[in-house]
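To keep things clear, I will list the structure first and then write my remarks on it.
The values are calculated or read from the model by the stated rules, or taken from the named source; none is laboratory data. Keep in mind it's a predicted model, so treat the numbers as computed, not measured. Here the Cβ is made from the backbone with ideal geometry for all residues, glycine too, and neighbour counts use every protein chain on show. Just so you know, the surface numbers come from the protein's heavy atoms only, side chains and all, with ligands and any DNA or RNA stripped out. Shrake-Rupley method; radii C 1.70, N 1.55, O 1.52, S 1.80 Å.
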Amino acid sequence: MKTREIAENIKISRLGVGCWSFGGGDYWGEQSQKEVGNIVNKAIDSGVNFFDTARMYNDGESEKSLGLALKNIRHKAVVCSKVSPAKAYYKILKRECEESLKNLGTDYLDIYMIHWPINNFGVKHFTDDPEIIANPPTISEAFAALADLKKEGKIKSIGVSNYGVSQLKQVLDLYPGLIEVNEVTYNIISRAIEAEILPFCKNNNISVITSMSLMQGVLTGKYNKIEDIPHNQAHSRHFKNERGMGTSRHFEDGAEEEIIEVLETIKEIALKLNISAAQVSVAWVFANNQVDCALLGSRNISELDENIKAAEITLPHDIISKINEISLPVLLKLGNNADYYENSKNSRIY
């Protein structure tokens, strides 16, 4: 497995394990601790050393489950967790970090991130407390807390998740060079970061980790019609607002016809190359050299094996061009708003 140095003395595999499903929960359903242990051990044995979790994933159960799986092999893993922007007050953020360390059974985090930008819409998504909404954390105190945690040795590097160019500049103006990693959504039908965010990160020595490589299962090839996609996976801006059955909040029309064309093309390419549609989708992400690591969730060993194989596939240039061409109408329709759950007027990423 190829690796990248994403921060000083921190090398991670180009494939990372997204741990949102670990610990079980309403969104992804149950996942046994035995299965989690099998996945984590197989990943490590296969050269996949990066594991991404967050305090909000299953109310801390994801961190606890990952911690149990890493109990005797923590030294072989690179672990990232995240804190809510609504809990980014100086003292509270430090306390949240301590809670993550406790959940994970470790005395340090390799990477610690602010989960979403600290702005009005970012904070409101994580709390309905009127006092927090009226007096949200400041960027200054949040990153001062992160800087102090790094000095204390409790975190090795500082990252952000879902940050746009404006938010990155706000932090870098206050703390030059402090941000080392940005984790953002990127897949064949979610290409908004290509225009500005990716170039800005590379020009400012910020490593890029991408999430949702399979768009929560949409790009795996198992759905033939938009109507087949579960509403939990169809509440993003890619789909009509009503498709989310009350869980969508973007009030946009989506790009459903364009997405169906993409899905059909991916299946055709998969058949031609004798690989799965999911592997085509994942290999496309890895073909972008600006991506340092791509996260993929695994519900079982067989999914992990497929993800590992996908990370090792090199797509022919003509195939990459074809995918870029067929997915361009989706990009043009959705635009460069990298927040796929809020419309441009309410975007948390800008």
Helix-only mean residue ellipticity at 222 nm for the chain, each DSSP H run of n ≥ 4 adding -39500 (n - 2.57), per residue, nearest 500
-11500 deg cm²/dmol
Glu183's amide H: which non-local residues (gap 5+, or another chain) put their own amide H closer than 5 Å, with H modeled 1.01 Å from N in plane and none for Pro or chain starts?
Val160, Ser161, Asn162, Tyr163, Ile209
Can you give me the distance in nm between label points at Asp148 and Thr314, each placed 7 Å from the Cα along the Cα-to-Cβ direction?
4.9 nm
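Rule-of-thumb check for the range 170-285: C-alpha Rg over 2.2 N^0.38 Å? List each step's numbers first, then the result.
Details: Rg = 16.6 Å, N = 116, 2.2 N^0.38 = 13.4 Å.
Rg over 2.2 N^0.38 Å, computed on Cα atoms: 1.24.
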Expressed as a percent, the accessible surface of the range 1-121 that is carbon or sulfur, using a 1.4 Å probe and the full set of protein chains, is 47 percent
Lys pairs under 19 Å by Cα in the range 13-112, provided they are eight or more residues apart or on distinct chains:
18
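Within 15 Å, Cβ to Cβ, of Ile269, how many net charges do the neighbouring residues add up to if Lys/Arg are +1 and Asp/Glu are -1?
On the way: positive: Lys267, Lys272, Lys322; negative: Glu261, Glu264, Glu268, Asp318, Glu325.
Its environment carries a net charge of -2.
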Given the range 1-52, what whole percent of its Cα pairs are spread farther than 17 Å?
42 percent
Taking the convex hull of the alpha carbon atoms in the range 73-127, what volume per residue do you get, in Å³?
77 Å³
With 10 Å bins from zero, work out the P(r) of the range 28-184 over every alpha carbon pair and list the percent per bin.
11, 40, 33, 14, 2
Relative to the Cα centre, what is the charge dipole magnitude of the range 89-208, using +1 at the beta carbon of each Lys and Arg, -1 at the beta carbon of each Asp and Glu, and rounding to the nearest 20 debye?
220 debye
Among Phe126, Phe51, Phe239, which one shows the highest mean-square fluctuation when the chain is modelled as a Gaussian network with alpha-carbon springs under 10 Å?
Phe126
Correct semi-axes for the range 87-164, from √(5λ) of the alpha-carbon gyration tensor and rounded to whole Å with the largest first, are 22, 13, 11
Taking θ as phi - 60°, what are the ³J(HN,Hα) couplings along the range 335-346 by the Karplus curve (6.51, -1.76, 1.60), each to the nearest whole Hz, with x for Gly and Pro?
x, 9, 6, 7, 8, 8, 10, 10, 6, 4, 5, 10
GNM on the chain, C-alpha springs below 10 Å: top fluctuator among Ser321, Ser81, Ser248?
Ser321
Eight or more residues apart or on different chains, and alpha-carbon atoms under 25 Å: count the Lys pairs in the range 105-257 matching that.
10
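Counting only Cα atoms, I'd like the Rg/Rh figure for the range 263-342, Kirkwood definition for Rh. Walk me through the intermediate numbers first.
Working: Rg = 13.5 Å, Rh = 13.8 Å.
My calculation of the ratio gives 0.98.
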Whole-angstrom Cα spans of the range 104-236 along principal axes, big to small:
51, 38, 35
Where the centre of each part is set by its Cα atoms, how far does the range 288-350 sit from the range 129-181, in angstrom?
26 Å
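How much length would be gained if the chain were fully extended between Lys222 and Ile73, taking 0.36 nm per residue of separation minus their Cα-Cα distance, in nm to one decimal?
Working: separation 149, 0.36 × 149 = 53.64 nm, distance 3.48 nm.
Gain in length upon complete extension: 50.2 nm.
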With θ set to phi - 60° and the Karplus curve 6.51 cos²θ - 1.76 cosθ + 1.60, what are the ³J(HN,Hα) couplings of the range 23-31 in order, to the nearest whole Hz, using x for Gly and Pro?
x, x, x, 5, 6, 9, x, 6, 9
Considering only Gly246, Asn205, Ala234, whose Cα is most displaced toward the positive end of the charge dipole of the range 189-306, charges sitting on Cβ of Lys, Arg (+1) and Asp, Glu (-1)?
Asn205
Using label points projected 7 Å from each Cα along Cα→Cβ, tell me how many nm separate Lys91 and Asn41, to one decimal.
4.4 nm
Distance between modelled label sites at Asn289 and Lys2, nm, 7 Å Cα→Cβ extension:
0.9 nm
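About the Cα centre of the chain, how large is the charge dipole given +1 on each Lys and Arg Cβ and -1 on each Asp and Glu Cβ? Please answer in debye to the nearest 20. Kindly include the intermediate steps, with their values, before the conclusion.
Values: 39 positive and 46 negative charges, 157 e Å.
Charge dipole, the chain, about its Cα centre: 760 debye, nearest 20.
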Average accessible surface area per residue within the chain, 1.4 Å rolling probe, Å²
43 Å²
Within 11 Å, Cβ to Cβ, of Arg14, how many net charges do the neighbouring residues add up to if Lys/Arg are +1 and Asp/Glu are -1?
+1
Rounded to a whole number of µm²/s, how large is the Stokes-Einstein D of the chain at 10 °C and 1.306 mPa s, given Rh as the Kirkwood radius over C-alpha pairs?
78 µm²/s
